[in-house]
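This report refers to the structure that appears directly beneath it.
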Amino acid sequence: MPGTLTRPELTAADRCDRCGAAAKLRAVLPSGSELLFCGHHARAYEAGLRDAQADLQQDEQ
């Protein structure tokens, strides 16, 4: 039985796709594409991402 695919945790090298700040949220879209957002942009786009049924993975730190 195949294992579940998991994405690696965010690191300091991961940057926000909108502004380049440290990424705090990974949004995996239904198509499989992913977007990274800093805390500010994660809050700004969270409602739209949820409407798009994105899988939101928050940085635990």
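The values are calculated or read from the model by the stated rules, or taken from the named source; none is laboratory data. Because the structure is a prediction, the values reported are computed rather than measured. As a convention, Cβ positions derive from the backbone with ideal geometry for all residues, glycine included, and neighbour counts pool all protein chains shown.
Numerical summary
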| read-out | value |
| --- | --- |
| Some residue of segment 2-13 being free of Cβ contacts under 8 Å to residues at least 60 places away in the same chain and part of a strand (DSSP E or B) | no |
| Close pairs (7 angstrom Cβ cut-off, 6 or more residues apart or separate chains): among the acidic types (Asp, Glu) in segment 29-47, modelled with pLDDT of 95 or more anywhere | 34/26; 34/27; 34/28 |
| Any hit, segment 1-16, residues being at pLDDT 95 or above, loosely packed, with under 15 Cβ neighbours inside 10 Å and not hydrophobic (A, V, I, L, M, F, W, C) | no |
